[in-house]
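Participant: Take this structure first; my questions come after.
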């Protein structure tokens, strides 16, 4: 088996790893989008309640309960901001893994092509040698 054919096996393996890393990156980016959407919904929800509180004339008891509820929503926002941060970090790590895998695939493909070209040069030289040898034999046969 030629070296370029053996290298193709390694290129295919690297490509599978690259594809796997790309799929993980896509999942992680989708998670970031989902977490950001959830955060925006929480912010809108908190904003609606804050504006409604100003419009409603609530008793002191209801105002306290209302404020506790708004505080819990604010805590949920803080937790969701942390979740977005973690998701973004995970997506960044996945991006780095994918870039490394892509670089490795390109390097292996380049090496495979280099070996293939070298094999073609060797084959061409062998064919030329055989052609020269055949021509020399024919010439010598005609001389006899």
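The values are calculated or read from the model by the stated rules, or taken from the named source; none is laboratory data. It should be emphasised that the depicted structure is a prediction, and the values quoted were computed from it without experimental measurement. A quick note on method: Cβ atoms are made from the backbone with ideal geometry, for glycine too, and the neighbour counts reach across all protein chains shown.
Participant: Quick check, is residue 106 more than 26 Å from the chain's Cα centre (by Cα) and within 30 Å of residue 123 (Cβ to Cβ)?
Facilitator: Taking the combined requirement at face value, the residue does not satisfy it.
Participant: On to the next question. Conditions first: (1) outside any helix (DSSP H, G or I); (2) at pLDDT 95 or above. Residue 58 passes all but one, so which condition is the exception?
Facilitator: (2)
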